[in-house]
There are 2 protein chains.
Amino acid sequence: MPDVEAAKPATSMRSLERAIDVLEVLDSGHHPLRLSEIARRAGLPVATTQRILGVLEARGRVEKDAVGYRPGVGLIFGAHAYLAGNPMLTAARPILQDLAGATGLTASLFRRLGWSRVVLARVEGGTPLRYELPIGERLPLHVGGGKTLAAFMDEEETAAFLAQVEPHTRADGVVVTSAELAAELAEVRAVGYSTARGDREPGMASVAVPVPEPDNLAMAAIQVTGSQADIPLERIPELGAELKRAALAISRRTF
Amino acid sequence: MPDVEAAKPATSMRSLERAIDVLEVLDSGHHPLRLSEIARRAGLPVATTQRILGVLEARGRVEKDAVGYRPGVGLIFGAHAYLAGNPMLTAARPILQDLAGATGLTASLFRRLGWSRVVLARVEGGTPLRYELPIGERLPLHVGGGKTLAAFMDEEETAAFLAQVEPHTRADGVVVTSAELAAELAEVRAVGYSTARGDREPGMASVAVPVPEPDNLAMAAIQVTGSQADIPLERIPELGAELKRAALAISRRTF
DNA sequence: GTCGGCTCACCACTCTGTGGAAAGATGGTG
DNA sequence: CACCATCTTTCCACAGAGTGGTGAGCCGAC
């Protein structure tokens with residue numbers, strides 16, 4: 001019988017699951033949230049939410065002030081441990097450095113997570129974009145370097161991904177449908193790298209390639225970014241080749 | 001008797017507490033850990049640990065491979081949300097930037113957490129230390145800029161802190177006892193800034209001041225770091241004054 | 001002052017989380 | 001290749017941890 005409330009994946013450890021739900025609500029709310037608001041968004045009774053938040057606060061994963069609840073310092077250690085312990089990241093850092101040095105562009109590494117991607121490392125090129133550290137930033141798959149990740153998923157996944165893509169407007173005003181994106185992904189697969197011009201930020205451009213993994217999945221990708229003037233069309237093949245070399249080097253040093 | 005390892009702070013939500021214990025074990029183990037090892041360190045039965053890790057893995061807070069368990073990508077969002085949502089950090093970033101620009105030194109912001117401190121932001125000065133991003137790194141209070149935080153705790157806390165400090169050897173080989181540290185902290189309180197020369201890293205030096213908070217606590221501090229040559233003794237008072245101005249500016253923009 | 005919304009403490013019921021024990025993997029050794 | 005030590009996973013019946021409805025305090029708004 002198709003259970004009505006699908007939101008119940010039937011797992012052991014309800015309380016833990018709920019605590020994580022609460023944390024996720026906090027992670028995505030960019031303001032401090034009041035108790036009742038958190039409860040509403042997490043779909044939990046207020047009393048329960050309050051108890052969970054109490055524990056999280058005592059453990060430093062959540063902070064509370066007059067305005068409401070916000071993520072806590074304790075969360076930082078986890079991220080630090082993840083970044084420090086990730087072998088691909090360790091392998092990638094010097095290579096990104098070289099890449100940024102050689103191209104003068106900003107080089108970054110990101111990783112797929114569901115149907116989005118997370119920036120894991122970033123090395124500024126010659127003209128450092130005065131941009132705060134975006135490590136941990138969650139970006140969509142359907143624009144910019146995300147297209148590389150979308151292109152190299154396995155067939156089923158790509159299909160599922162495309163199925164849920166709505167027609168969307170890119171930063172330069174172009175409207176892209178799911179079918180058009182599908183065509184673009186095919187092109188990416190053919191040449192082995194993705195390019196973007198004004199996809200996500202007007203005036204910016206990027207080239208990205210997947211980091212090959214032993215099981216032929218592409219969960220991670222590297223990218224160079226710069227202004228459209230920095231990345232003229234005729235430079236793209238060369239950048240693609242350079243990126244491929246770098247990605248291969250990362251892959252070899254990781255696995 | 002100062003409960004040495006009561007380990008039972010008598011809280012509601014045992015399972016959540018335990019899950020956090022498990023996460024903390026993972027955060028501090030710098031290698032992948034096997035199930036049994038995690039269970040041992042967290043003081044939990046293996047089966048229980050297994051169950052917890054299962055949930056955490058399903059939720060992306062933990063990753064598992066043949067070698068063992070390690071922190072997972074999911075942890076990054078929390079940290080990102082914390083860093084993005086922290087008002088002091090937002091206020092501090094441009095000021096650190098100016099500070100690094102004006103002094104040519106590396107400027108950083110950190111915050112106290114228990115008897116350690118965490119690096120929250122860092123802006124490289126003229127000669128960028130070729131060091132990976134240490135954001136989230138946990139450092140002791142008894143050396144380097146930590147002394148500023150230790151000096152400006154309230155009296156009780158300072159006493160408690162000093163009581164648990166063991167005589168320790170600094171990076172330059174000098175042995176410091178609790179009493180000597182106490183004297184040093186008094187000096188820090190008198191002049192309003194702390195200085196370090198070869199405390200934590202041989203050949204390095206730093207100056208730090210607390211960021212004043214409305215309730216007169218100093219939970220956060222800012223610091224400039226460079227080689228000992230970059231920070232000659234006669235330059236210190238000037239740096240101290242500059243830091244105080246910056247700290248005040250951060251404080252004003254935050255609260 | 002009055003009102004509505006938010007937060008927190010309480011407590012009896014019940015379903016969740018527990019952990020011992022045994023089966024299944026894994027890998028090192030002679 | 002057979003053996004053994006060690007680590008991982010699965011199972012299940014019981015106990016108590018977690019739940020959430022309820023109502024008392026606390027604001028701040030009007």
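Coordinate-derived values only; no laboratory data. Everything numeric in this text was worked out from a predicted model, so none of it was measured. Because the Cβ atoms are built from the backbone with ideal geometry, glycine has one as well, and the counts that use them run over all protein chains shown.
Inside 10 Å of the C-beta atoms of B:137-145, what's the mean count of C-beta atoms belonging to other chains? Working shown, then result.
Numbers: counts 4, 4, 0, 0, 0, 0, 0, 0, 0.
That average works out to 1.
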- Item | Exam field: B:Glu187 pseudo-label spacings to other copies (7 Å along Cα-Cβ), nanometres | 6.7
- For B:Val175, inter-copy label-point distances (7 Å, Cα→Cβ), nm, shortest first, read 7.8
- Compute the label-point distances linking A:Ala47 to its equivalents in the other copies; points lie 7 Å from Cα along Cα→Cβ; give nm, one decimal, shortest first. 3.0
- Task: Per DSSP H run of at least 4 residues, take -39500 (n - 2.57); add these up for the protein assembly as shown, divide by its residues and hand me the 222 nm value, nearest 500 deg cm²/dmol.
- Result: -14000 deg cm²/dmol
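Based on the Cβ-Cβ distance from A:Asp154 to A:Arg34, what FRET efficiency comes out when R0 is 51 Å, to the nearest 0.05? Provide the component values of the computation, followed by the final result.
Working: r = 43 Å, r/R0 = 0.84.
Efficiency, from the Cβ-Cβ distance: 0.75.
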- Pick out which of A:Arg51, A:Arg122, A:Arg200 has the largest mean-square fluctuation in a Gaussian network model of chain A, springs linking Cα atoms closer than 10 Å. A:Arg51
- Note on the structure: re the protein assembly as shown: pairs of Cα atoms spaced beyond 43 Å account for a percent value of 21 percent
- Query: Hey, got the dipole for the range B:86-254? About the Cα centre, +1 on K and R Cβ, -1 on D and E Cβ, debye to the nearest 20?
  - Reply: 500 debye
- Task: Give me a single rounded figure for A:66-76: the average over its residues of other chain Cβ atoms within 10 Å of their Cβ.
- Result: 6
- Note on the structure: Shape descriptor, the range A:86-254: equivalent ellipsoid semi-axes (Cα gyration tensor, sqrt 5λ, whole Å, largest first) stand at 22, 19, 15
- Task: Enter the Cα centre distance for the pair the range A:47-62 and the range A:137-202, rounded to the nearest angstrom.
- Result: 39 Å
- Mind listing the Cα extents of the range A:132-185 along all three principal axes, in Å, largest one first? 35, 27, 16
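Per-residue Cβ counts within 10 Å, from other chains only, averaged over A:22-33: what number is that? Show your work: numbers first, answer last.
Numbers: counts 0, 7, 6, 0, 5, 10, 2, 2, 3, 1, 2, 0.
Taking the mean over all residues of the peptide, I get 3.
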